[in-house]
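Please read the structure below before turning to the comments.
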Amino acid sequence: MRVVSLGTGDPEVAVVVCIHGDELCGKRALDRFLDADPTVEAPVKFVVANERALDAGSRFVDEDLNRAFPGDPDADTHEGRLAAELLEELAGLRVLDLHSTHSSPEPFALYQRATPGTFHVLARAGVDRAVDISHVPGGLVGYCDGAAVECGLKGSEAAVDAAERILRGFLAGNGVIDAPASLRDPEVFAVTERVEGAGYEFLGENFAAVPPGQPFARRGDEELTRPDCFYPVLMSTDGYDDIVGFAARRVGRLSDLDPDSGR
Ligand SMILES: [Zn+2]
């Protein structure tokens, strides 16, 4: 783990990159930002999380860090120990955690805690969609206020550009850099279920409603359908080994859900 602090005093916000060592968009965006030798108006902390996985060019070393929280300083796995270390480093801060995905080129946010701190981050995360993924345990944003943002397709230059825009917008929105801050009111979805299965081809489009009975994934002659209308989230052909992705329902706008509406 590498921590870079800018400004003087105690920061209120942090940006985390490389929770997954093979998702480089956040780190490349952060490098661009730091290389420009920025002037900050308020303190901020940046964390490159899983450096060992980054060096190995892999998602993780022993286990998925984003399923390992809260972790334990005496855990048997590298990620179990790192999770505990990270939470200590991020205690009390509002966190933006940058990722990339196989599922959607359009950036979207994931959150687990419906708190004013999390909604504050969601309104400044530069996304038009947010997903309540509290259904899935073990993620960083289940243990601190903040959001994970999927900046775009893994390995794409577009994801790096989006990550830099999102990073700068978040810093501006928190008074860290002097730049225009734009607040958004994302459409919110809530994950209701993991959709199990290996080796399926995903036939639909994420965030586009799938009607009852319509096939949304295929493996050979076998097709997956659901009896209810749902919205696919993080679904892809290649994203996961053991699941197709997640089924979600549409909840409304962030401002409809209150916790002080992030303002
Ligand atoms: Zn990730």
How tilted is helix 78-90 with respect to the longest principal axis of the chain? Cα atoms for both, answer in degrees (0 to 90, nearest 10).
50 degrees
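Quick one: dipole size for the range 71-199, taken about the Cα centre, charges +1 on Lys/Arg Cβ and -1 on Asp/Glu Cβ, in debye to the nearest 20.
Details: 10 positive and 21 negative charges, 83 e Å.
Using Cβ point charges on Lys, Arg, Asp and Glu, the range 71-199 gives about 400 debye.
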With every protein chain kept in place and ligands, DNA and RNA left out, what is the accessible area per residue of the chain? Probe 1.4 Å, answer in Å².
43 Å²
Taking r as the C-beta separation of L34 and E85 and R0 as 25 Å, the FRET efficiency to the nearest 0.05 is 0.70
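Heavy atoms only, probe 1.4 Å: what % of the accessible area of the chain goes to carbon and sulfur, would you let me know? Could the numbers behind the result be given before it?
On the way: 5000 of 11340 Å².
Of all accessible area on the chain, carbon and sulfur atoms account for 44 percent.
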Expressed in nm², what is the orientationally averaged projection area of the convex hull enclosing the Cα positions of the range 200-255?
4.2 nm²
Give me the Kirkwood hydrodynamic radius of the chain, using the inverse of the mean 1/r over all pairs of distinct Cα atoms, in Å to one decimal.
18.6 Å
FRET efficiency for D178 and E157, Cβ-Cβ distance as r, R0 = 41 Å, nearest 0.05?
0.90
Along principal axes, Cα extents of the range 7-54, largest first, whole Å
32, 22, 13
Find how many whole Å separate the alpha carbon centroid of the range 161-204 from the alpha carbon centroid of the range 23-75.
17 Å
Set the Förster distance to 35 Å, then compute FRET efficiency between M1 and D241 from the Cβ-Cβ distance, nearest 0.05.
0.85
Could you give me the ³J(HN,Hα) list for the range 136-146, computed from phi with Karplus coefficients 6.51, -1.76, 1.60 and θ = phi - 60°, whole Hz, x at Gly and Pro?
10, x, x, x, 3, 6, x, 10, 8, 6, x
Quick one: Karplus J couplings for the range 214-225, per residue in order, coefficients 6.51, -1.76, 1.60, θ = phi - 60°, nearest Hz, x for Gly and Pro?
7, x, 10, 8, 9, 9, x, 8, 8, 10, 9, 9
Could you give the size of the charge dipole of the chain about its Cα centre, using +1 on the Cβ of each K and R and -1 on the Cβ of each D and E, expressed in debye and rounded to the nearest 20?
640 debye
The correct ranking of T115, T8 by accessible area at 1.4 Å, largest first, is T8, T115
Any idea what the relative contact order of the chain is, in percent, if you count C-alpha pairs under 8 Å spaced at least 6 apart?
18 percent
Counting only DSSP beta bridges with both partners in the range 2-173, the antiparallel fraction in percent, to the nearest 5, comes to 30 percent
Cα→Cβ-extended label distance, 7 Å offset, between E201 and R67, nm:
2.6 nm
Angle between the Cα long axis of helix 157-173 and the longest principal axis of the chain, 0 to 90 degrees, nearest 10?
50 degrees
What is the angle, in °, between the Cα long axis of helix 25-35 and the longest principal axis of the Cα atoms in the chain? Nearest 10 is fine, range 0 to 90.
20 degrees
Tell me the accessible surface of E89 in square angstrom (1.4 angstrom probe, heavy atoms of protein chains only), to the nearest ten.
50 Å²
So for the range 102-234: antiparallel DSSP bridges make up what percent, rounded to the nearest 5?
55 percent
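The values are calculated or read from the model by the stated rules, or taken from the named source; none is laboratory data. A quick note: this is a predicted structure, and the numbers were derived from the prediction, not measured. Backbone-built Cβ (ideal geometry, glycine too); neighbour counts: all protein chains shown. With ligands, DNA and RNA removed, areas are computed over all heavy atoms of the protein, side chains included. Shrake-Rupley method; radii C 1.70, N 1.55, O 1.52, S 1.80 Å.
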